[in-house]
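Some notes on the structure that comes next.
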Amino acid sequence: MRPANLIILYFALALAPLLLATGLIEGVGNPARLLATALGLLAFAMLLLQFVSSGRFEILYSKVGINRTMRFHQLTGRVAVLLVLLHPLLFFLPDSFADIPQALNMLRRMMLTNLILSGTIALCAVVVVVTAGIWRHKLSVRYEVWRAVKVVGVTIIAIAGAHHVFTVGSNSQALWLLTRKAYRVVSVREIGGGINEISLEPVKGRAIEFVAGQFAWVNFRGAVPVLDNPFSISSSPDELPRVRLLIKVRGDMSARVGELEPGATVCLDAPHGNFTLEGREGEAVYLIAGGNGISPIISILRDLAHKGDKRPISLVFGARRPQQLAYAEEIMAMANKLDLKVFFSVDEPPSDWVGGVGEFDAATIARNLPAEQRAVCA
């Protein structure tokens with residue numbers, strides 16, 4: 001076999017995992033993070049192929065010569081190391097020089113999280129093995145010691161790297177699971193008082209299945225595990241495949257929600273939580289919500305309205321200002337479908353306010369609790 005054909009075969013094998021995954025990662029958000037994932041797959045494949053090009057296989061080096069084989073081994077090894085280093089860095093590519101400290105801090109957090117720990121171990125092992133190989137003579141390390149370090153290092157790289165690739169997937173961030181978790185932004189609208197409602201639909205495949213009251217881990221910046229945040233699902237299951245989330249601006253990642261454009265892609269890991277009425281019996285339902293805490297409550301109310309539930313339902317809902325009583329009009333309109341009693345309260349009432357004022361006390365709760373009925377409370 002000609003040397004050129006061996007080189008073509010090498011790169012075909014190195015690119016095979018990436019080519020197989022290409023159809024599964026459509027629409028996974030930020031291009032830099034998509035590139036980071038691709039480079040990670042390519043780097044891992046190249047590192048595994050380093051064993052083949054190490055000069056131990058006569059069937060290969062007899063065709064091109066041991067010197068050429070070892071030179072190719074060294075060059076591809078250095079390329080693989082560069083890709084390994086770029087893999088995590090691209091996940092936190094800053095938008096400007098001012099964002100560099102924050103990006104580095106987030107990178108540090110990611111590298112130390114338990115989910116990414118095996119990847120961090122593999123990366124460190126790569127650096128140690130390559131450094132030992134390049135500077136072996138300058139460090140005056142005995143050949144036997146260097147060989148032992150290399151064998152141990154390569155074994156760690158193979159095991160930890162494989163663990164990183166596969167176990168990250170089992171935690172809802174794997175490349176082949178992203179497609180069914182990838183959602184496209186349909187709309188973003190401000191409900192009032194710094195609260196936004198974001199509507200999402202799956203990019204492809206089946207939608208997530210959930211029970212009213214559950215929440216989702218949402219990632220607006222790709223598939224980096226430490227960058228996701230929990231948000232309650234405000235829509236009811238009958239609205240699937242569309243999913244709605246109620247997100248209040250708090251100065252962190254949630255502040256960027258209002259900037260999302262229709263068509264942008266986010267990743268969802270759901271469902272989670274047991275704040276539901278499933279498996280709980282009662283002659284009445286009693287719900288208490290404060291501020292953005294109405295999100296799982298409105299999901300439950302919408303689900304009850306859809307099912308035509310006949311039980312008496314009481315809702316005590318408070319916020320700082322009337323504008324922050326999200327879905328207040330919709331909740332009042334639900335009285336036409338449900339046996340619903342609602343009590344609104346605010347901390348800063350306007351002059352024409354007719355509801356409650358201040359925090360809920362025992363008297364307020366007792367006054368709105370369904371009398372002489374065994375209630376499901378949430």
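All of the numbers you see were taken from the coordinates with simple rules; none came from a lab. All values derive from a computational prediction rather than experimental measurement. Please note: Cβ atoms are built from the backbone with ideal geometry, for glycine as well, and neighbour counts cover all protein chains shown.
Sorting 217, 135 on the 10 Å Cβ count, fewest up front, what's the list?
135, 217
How do 344-356, 122-134 rank on mean C-beta neighbours within 10 Å, highest first?
Put in order of decreasing packing, that is 122-134, 344-356.
What FRET efficiency, computed as 1/(1 + (r/R0)^6) with R0 = 22 Å and r the Cβ-Cβ distance, is obtained for residue 85 and residue 112, rounded to the nearest 0.05?
For residue 85 and residue 112, the calculated efficiency is 0.85.
Would you list, by chain and number, the lysines whose Cα falls below 24 Å from the Cα of residue 310, excluding same-chain residues fewer than 8 positions away?
Here the lysines satisfying the reach criterion relative to residue 310 are 337, 341.
How much length would be gained if the chain were fully extended between residue 70 and residue 127, taking 0.36 nm per residue of separation minus their Cα-Cα distance, in nm to one decimal?
18.6 nm
Rounded to two decimals, what is the ratio between the C-alpha radius of gyration of the stretch 284-377 and 2.2 N^0.38 Å?
1.04
Treat the count of other C-beta atoms within 10 Å as a stand-in for reagent exposure and order 191, 157 from fewest to most.
Result, fewest neighbours first: 191, 157.
Calculate how large, on average over all directions, the projected area of the Cα convex hull of the stretch 179-272 is; give the answer in nm² to one decimal.
Result: 5.5 nm².
Calculate, in nm to one decimal, what residue 238 and residue 13 gain on full extension: separation in residues at 0.36 nm each, minus their alpha carbon distance.
Result: 76.4 nm gained on full extension.
If packing is taken as the average count of other Cβ atoms within 10 Å, what order do 99-106, 311-318 fall into, highest mean first?
Going by the mean number of other Cβ atoms within 10 Å, highest first, we get 311-318, 99-106.
What order do you get for 141, 285 when you list them from fewest to most C-beta neighbours inside 10 Å?
141, 285
Between residue 102 and residue 140, what length in nm is gained on full extension when 0.36 nm per residue of separation is reduced by their alpha carbon distance?
Result: 9.7 nm gained on full extension.
Say R0 is 41 Å: what FRET efficiency, to the nearest 0.05, do residue 348 and residue 201 get from their beta-carbon distance?
0.65
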